[in-house]
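Here the structure comes first, spelled out in structure tokens, and everything after it is commentary.
The values are calculated or read from the model by the stated rules, or taken from the named source; none is laboratory data. For clarity, every value in this text was computed on a predicted model and none was experimentally measured. So basically every Cβ, Gly included, is an ideal-geometry build from the backbone, and we count neighbours across all protein chains shown. Remember, those area values only see protein heavy atoms, side chains included, never the ligands or the DNA or RNA. Shrake-Rupley method; radii C 1.70, N 1.55, O 1.52, S 1.80 Å.
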Amino acid sequence: MKGLYLGSRSGADILGGPALWPAGLTYVTPEHKIGFDSPRAAAGLDKLRGIGKEKWLLTGHATDWSDPSAFIKGATAMQWTGLWNMKLITDKWGDDVGVAPYPALDTKGKPVVPIGDWLAMISTKSKKIDETKAFLKWLWVDQKQYQQEWALDFGFHLPVRESIVAKATQLQKGAAKDAVGLSRRYANAASPVDWTAKMSTAYTDAVSNIILKGSDPASELKNVTTVVKQELQSLYG
């Protein structure tokens, strides 16, 4: 058994954001500026680069991070994966399992729980804006039973509304309850609306070079900031 599994790319494709947030940084600030132009970003990514060299890191497993097989089969003691796998994991291990946030970079940072986002957006060019707003209110505000069904009957996700979380029996004990508490304390949205595909590709490529090729984090991030600045300029002027 190895100690930790971060997926087939050792976290290069999924941990770029979590490496920033525990350092108190972000992709893009509310003022539409680069949120990771800091030595602390390089320090967070350097931590990941170091983990990639450890012998206790599981590599070369047949399934990726999104599948819990490595953890369920006992190939690793810990695995980065999604809450959608909670039922599969507890079916195997029962109460003998726990959840934990991504750790803080240092005493100036804080732990983080990345939260994926289900969202709906309305085009300003639509001729049915009022009707669409009414529909979205009906779906996501008025119809609580559909939200619980969506989140917990077809997998395992945390409902957005606190009132639904409080009534959902699946979230009242064990690791599921702990996940709810950790998300309340440390949640961070996985990606902001203005984090474009071009920005994401440039950043992910840089993180891949850092983790998989051993590239210098500061140099890689400098290249990414150029791309992000250009994209923000095209979006906001």
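For the chain, the 222 nm mean residue ellipticity estimated from helices alone, with every DSSP H stretch of n ≥ 4 adding -39500 (n - 2.57) and the total spread over all residues, rounds to -13000 deg cm²/dmol. Over segment 67-119, the reciprocal of the mean inverse Cα-Cα separation, the Kirkwood hydrodynamic radius, stands at 12.8 Å. Which part of segment 180-200 falls in the paramagnetic zone of residue 121, meaning amide N under 15 Å from the point 7 Å along Cα-to-beta-carbon? Output list for this probe position: 190-200.
Each 10 Å bin from zero holds the following percent of Cα-Cα pairs in the chain: 7, 26, 32, 25, 9, 1. Annotation: per residue accessible area for the chain equals 59 Å², rounded to a whole number [probe 1.4 Å, protein chains only]. Between the amide H of residue 187 and those of 113, distances stay under 5 Å, these residues lying 5 or more places away or on another chain, with hydrogens modeled in the peptide plane. The convex hull defined by the C-alpha atoms of segment 133-237 has an orientation-averaged projected area of 10.3 nm².
Measuring max minus min along each principal axis, the C-alpha atoms of segment 157-218 give extents of 47, 26, 16 Å (largest first). At q = 0.10, 0.13, 0.22 Å⁻¹, what log₁₀ I(q)/I(0) does segment 1-106 have when each alpha carbon counts as one equal point scatterer in the Debye sum? For the requested q values the scattering log ratios are -0.33, -0.54, -1.16. Surface composition of the chain: carbon and sulfur atoms hold 55% of the protein heavy-atom accessible area at a 1.4 Å probe.
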